[in-house]
Amino acid sequence: MVRGRWERATEAGFPMINDTQPPGTSLVPRPVLARLGRRPPLDRRLLVMLMAGALVVVGLVVAWLGQRATALPLPQPGIEWSLSPASNTVTIRLTPGAGRSGRQVVADSRLAVSAEGARHPRRTSPNGGTVRVPVPPGTRTRLVVSVKGPRPFRRTLTVTVPPRLRAVVSRPGPGGLLIRASSPLRHRPSGPLCGANAISFPTAAEVTIPALPEVPLYNTASPAGQAIYITVEAGSTASPQLLNVMRRTHVPVTAFLSQRAAQRNLLYWRAFTGTGGTIGDYTVSAPDLTKLTLSQAATQWGQARRALGRWFGQAPLIGQPPSGAINRTVRAAAYQGGLKTLVGWSGVVTRNRIHTWNSKGLKPGEIVLLHWAPDLGHRLNTLLAAIQARHLHPRPLTPASFAGVAPQAHSPAGG
């Protein structure tokens with residue numbers, strides 16, 4: 001009977017307790033364990049073998065990729081060059097080739113350039129860069145370009161530079177200064193010339209350079225209201241007589257004053273402006289401006305003008321060329337120095353006489369010049385007597401005094 005229950009229980013899939021079962025043995029059959037989700041453990045040796053195989057496969061893949069990368073060629077750098085005819089200089093630089101490693105190839109390269117036959121090449125820094133090589137004008141120069149690095153190469157450039165320009169003919173034209181050069185000319189390019197080994201220029205041509213702005217020159221001023229204008233070419237010695245006459249008659253006087261003369265006696269010239277006098281620009285040291293360059297003459301005008309403005313509160317707008325020496329360069333320099341008008345004269349007072357440009361008596365609009373002299377007061381009194389006899393009226397000299405008056409090309413001194 002007991003045996004029969006065991007068989008039925010086994011057939012139903014349920015174990016029966018058997019006290020006589022040996023210790024350590026399972027009462028559940030293996031098919032039942034599988035249905036309950038319990039599986040036997042993997043063999044550790046098999047797991048180790050699988051992991052080792054995977055590592056071998058990864059190593060083979062990495063080695064294949066590295067071998068393929070090594071086999072790829074490095075990009076070849078290029079060369080760009082340009083010629084500046086203004087400075088007769090050739091500029092050469094390395095350019096990176098295609099690919100991500102192009103810039104690194106340039107950084108690891110060394111550029112050397114030399115004129116063919118020269119001993120010492122001009123080199124850049126070791127990490128690529130730019131070389132500038134001067135080339136003589138009017139010649140054909142062969143430049144040897146050597147590149148050392150991951151992709152070394154060598155190249156020769158031939159550069160033809162036009163001759164140095166000289167102005168062989170120049171004359172005034174309607175639009176400025178007309179110049180014919182000794183060599184062919186061309187319009188200024190929008191960028192540097194580059195990309196070819198030979199450079200040519202068009203046939204010879206003339207070029208017109210626009211004239212520099214110039215300050216007009218006036219030897220006479222407006223005659224409106226019977227006006228006449230008194231000026232003095234100021235010296236370095238103070239003249240108390242001049243101040244006494246100005247205080248007594250209240251006559252306006254314009255003194256053309258150099259910076260050096262003003263600096264030697266600032267108190268006197270401040271008294272002069274306080275009495276109603278006007279200061280004009282007579283340059284820094286009163287040189288012959290026609291013998292100076294444009295830059296030097298502009299400095300003479302501009303420096304004196306600024307100094308007089310600091311000392312007397314207002315920078316002058318009118319000036320007088322020392323000794324009347326004037327040309328187009330002097331007028332252009334006056335413009336650059338900040339002046340609006342240049343003033344000459346149409347009459348001069350000597351010790352006892354008044355000389356006009358046409359040897360006639362004084363008339364409205366005359367600009368009369370007095371020279372600095374010990375008898376300056378006496379000369380001014382002589383002029384005032386003539387002005388009163390002709391019923392003229394002294395007026396201050398300003399840029400507005402020349403309204404409606406045509407400028408002159410030369411001063412009475414013949415400049």
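Bear in mind these aren't lab numbers, they're just calculated from the coordinates by the rules spelled out. A quick note: this is a predicted structure, and the numbers were derived from the prediction, not measured. As a convention, Cβ positions derive from the backbone with ideal geometry for all residues, glycine included, and neighbour counts pool all protein chains shown.
Please give the peptides 338-351, 257-270 ranked by average Cβ packing (other Cβ atoms within 10 Å per residue), highest first, as a rough proxy for protection. Spell out each step's value before the answer.
Numbers: 338-351: 20.5, 257-270: 17.6.
Descending packing order for the listed peptides: 338-351, 257-270.
Charges at C-beta only: +1 for Lys and Arg, -1 for Asp and Glu. How large is the resulting dipole of region 78-160 about its Cα centre, in Debye rounded to 20? Provide the component values of the computation, followed by the final result.
Details: 14 positive and 3 negative charges, 38 e Å.
Approximately 180 debye in magnitude.
Show the residues, 5+ positions off or on another chain, whose built amide H is closer than 5 Å to the amide H of residue 228.
Amide H to amide H, under 5 Å and 5 or more residues apart or across chains, residue 228 pairs with 365, 393, 395.
If eta is 1.306 mPa s and T is 10 °C, what Stokes-Einstein diffusion coefficient results for region 78-160, Kirkwood Rh from Cα pairs, in µm²/s? Intermediate values should be presented prior to the final figure.
Values: Rh = 13.1 Å.
In µm²/s, the coefficient is 121.
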